[in-house]
Amino acid sequence: MTGTLLISGGRIIDPGQKLDKTGSLLIAEGKISWLGDDTPPPADCDVLDARGLVVCPGFIDLHCHLRQPGFEEKETIASGSLAAARGGFTTICCMPNTRPPLDGQAGIDYVKSTAASEAVVRVLPIGCISKGRQGEGLAEMAEMAEAGAVAFSDDGSPVISSRLMLQTMEYSLAFGRPIIDHCEDTELAGGGQMNEGIIATRLGLAGVPAAAEENIVARDIGLAEFTGARLHIAHVSTRGSVEIIRRAREKGVRVTAEVTPHHLTLTEEEVIGYNTNAKVNPPLRTEKDIEALISGLREGVIDAIATDHAPHTENDKLCEFALAPFGISGFETALGSLMSLVHSGKLELNLLIARLTGGPAGVIGSKLGTLAIGAPADITILDPNREWVVDTAEFASKGRNTPLDGRELTGRVMATISGGRLVHQGKEMKVTAR
């Protein structure tokens, strides 16, 4: 390849620039150098024909688990980043629940250096709130911020102590990073395995009530209002949480939120048959919850869609339901799942792209998620009408744990460009010399 690439004839959608038109764009030196619907400037370049396809900013994932260091049998930074590229993600933010946890500068430096040599997309580390993710004393947040942590979270575990969460928010004001909140009242959740309701009762499984999430959402929004800190609610799953966040935003509280593809498209019925691949935390909820989550996306109450990609080995999930770990491998099925909402008329394509690009970029204060001239050439090319069958045996991720295996989806990423490099190219996509 020449290092200069022309993406030709696609439908260019960039919600941040209110751009939706057929045209071409030119990539040079890793950046977007030209965009238009007329003849591109003369240049020796390779050409990627995007006619009939959508060209948009690369997707940004605020919430994923790359498992390295410590759990490399589940995923590595290399395998996870390749899976992300196949899903159209050019920037991914990895959670700190590794072994050891990312609770100091050394951990942040490790992720950054490993990603620099092994990842095919941009990897941004998230640091712990508490030392060792134990929920007791504060981690070295200032040194992690200086080292490049884009946010702080004990994700996978809630911050049980209200005092510690207050201290976290007060301290975060010094360096302006958001606190990403895993909202779970563990006393109410009580070791629950799925959503509390009729199906849980029928299956004889302990249920997790919606209030287990909503109690902590309300508590921490109150603390954010008091301190003025930036709070981001992870994996929102209930209609009650959406309403609490809506009211807080109306009052001017600095709160943002994300929702996962699985909470937008799958219900608690997936668990019937004791399907451990549908066991996730927070649990899959009800159709009424999904309706509220979609409304939250449409209204801007929920800023971003994030995968919460949580890969596990096959053996991890081949056990009794109560013993199986929580989590769904989500990078490679995200777009196909979400396009079902577009095809059913529940979401507009432009809005979906906005919640995968500019929305998450805004949460972490990034200038990514745009096709503006001079911006990094992070680009996703997708076919909204491409039909395909999920085959986990073909995943780049080590995690095959998804309830979608064998299902037909409509909408697929055809190519992904990260920093001007073609890091994923579907078989149908051909690059020719100009």
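The values are calculated or read from the model by the stated rules, or taken from the named source; none is laboratory data. Note that the coordinates shown come from a computational prediction; the quantities given were computed from them, not determined experimentally. Because the Cβ atoms are built from the backbone with ideal geometry, glycine has one as well, and the counts that use them run over all protein chains shown.
Computed values, structure above
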| read-out | value |
| --- | --- |
| Selection within the range 101-111 - in a loop (DSSP other than H, G, I, E, B) and in contact with an Asp or Glu (Cβ under 9 Å, 6 or more places away or on another chain) | PRO101, ASP103, GLY104 |
| ALA415 being within 29 Å of LEU266 (Cα to Cα), in a loop (DSSP other than H, G, I, E, B) and not assigned by TED's automatic domain parsing to the domain that holds SER340 | no |
| Neighbours by Cβ (under 8 Å, 6+ apart or cross-chain): first from the range 62-78, outside the structural domain of GLY107 (by TED's automatic domain parsing); second at pLDDT 95 or above | none |
| Count - residues of the range 342-357 that are in a helix (DSSP H, G or I) and crowded, with 22+ Cβ neighbours inside 10 Å | 5 |
| Residues located in the range 269-325, provided they are farther than 21 Å from GLU73 by Cα, of a type in the set (Val, Ile, Thr) and not in a loop (DSSP other than H, G, I, E, B) | VAL271, ILE290, ILE294, ILE305 |
| Some residue of the range 156-177 being in contact (Cβ under 8 Å) with a residue 60 or more places away in the chain, of a type in the set (Gly, Ala, Ser), farther than 30 Å from LEU368 by Cα and in the same structural domain as PHE321 (by TED's automatic domain parsing) | yes |
| Residues located in the range 358-384, provided they are β-branched (Val, Ile, Thr) and assigned to a loop (DSSP other than H, G, I, E, B) | ILE364, THR370, ILE373 |
| Yes/no for THR260 being assigned by TED's automatic domain parsing to the domain that holds SER79, among the hydroxyl-bearing types (Ser, Thr, Tyr) and either more than 22 Å from ALA212 (Cα to Cα) or more than 14 Å from the chain's Cα centre (by Cα) (or both) | no |
| Yes/no for GLU268 being surrounded by fewer than 24 Cβ atoms within 10 Å (Cβ to Cβ) and touching a Gly at 6+ places or on another chain (Cβ under 9 Å) | yes |
| When residues of the range 2-21 are limited to those that are among the β-branched types (Val, Ile, Thr) and within 28 Å of the chain's Cα centre (by Cα), the one farthest from ARG434 (Cα to Cα) | ILE13 |
| Residue list for the range 418-434, restricted to those being farther than 22 Å from ASN385 by Cα and part of a loop (DSSP other than H, G, I, E, B) | GLY419, GLY420, ARG434 |
| Matching residues, the range 187-211, being of a type in the set (A, V, I, L, M, F, W, C) and within 13 Å of ILE272 (Cβ to Cβ) | MET194, ILE198, ILE199, ALA200, LEU203, LEU205 |
| Complete set of residues in the range 43-65 that are surrounded by fewer than 24 Cβ atoms within 10 Å (Cβ to Cβ) and out of contact with any Leu (no Cβ under 8 Å at 6 or more places or on another chain) | ASP44, ASP49, ARG51, GLY52 |
| Qualifying residue in the range 105-115 (condition: within 21 Å of PRO69 (Cα to Cα), of a type in the set (Val, Ile, Thr) and within 20 Å of the chain's Cα centre (by Cα)) | yes |
| Count of the range 112-150 residues which are touching a residue at least 40 places away in the same chain (Cβ under 8 Å), on the phi < 0 side of the Ramachandran plot and part of a loop (DSSP other than H, G, I, E, B) | 7 |
| Candidate set from the range 394-408 (those that are more than 21 Å from ILE272 (Cα to Cα) and touching a residue at least 60 places away in the same chain (Cβ under 8 Å)); member that is surrounded by the most Cβ atoms within 10 Å (Cβ to Cβ) | GLY399 |
| Some residue of the range 97-109 being over 18 Å from ILE305 (Cα atoms) and in contact with a strand residue (DSSP E or B) (Cβ under 6 Å, 6 or more places away or on another chain) | yes |
| Any hit, the range 295-315, residues being modelled with pLDDT of 95 or more, touching a Lys or Arg at 6+ places or on another chain (Cβ under 7 Å) and within 15 Å of ASN195 (Cβ to Cβ) | no |
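Yes or no, residue by residue, for (1) modelled with pLDDT of 95 or more; (2) under 25 Å from ILE417 (Cβ atoms); (3) surrounded by fewer than 24 Cβ atoms within 10 Å (Cβ to Cβ); (4) among the acidic types (Asp, Glu):
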site: ARG67; (1), (2), (3), (4): yes, no, no, no
site: THR76; (1), (2), (3), (4): yes, yes, yes, no
site: LEU82; (1), (2), (3), (4): yes, yes, yes, no
site: CYS94; (1), (2), (3), (4): yes, yes, no, no
site: ASN97; (1), (2), (3), (4): yes, no, yes, no
site: PRO101; (1), (2), (3), (4): yes, no, yes, no
site: ALA106; (1), (2), (3), (4): yes, no, yes, no
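Residues checked against (1) within 30 Å of ILE179 (Cβ to Cβ); (2) out of contact with any Phe, Trp or Tyr (no Cβ under 9 Å at 6 or more places or on another chain); (3) not in a loop (DSSP other than H, G, I, E, B):
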residue	(1), (2), (3)
ILE12	no, yes, yes
GLY16	yes, yes, yes
PRO41	no, no, no
CYS56	yes, yes, yes
ILE60	yes, no, yes
HIS63	yes, yes, yes
ALA78	yes, yes, yes
ARG99	yes, no, no
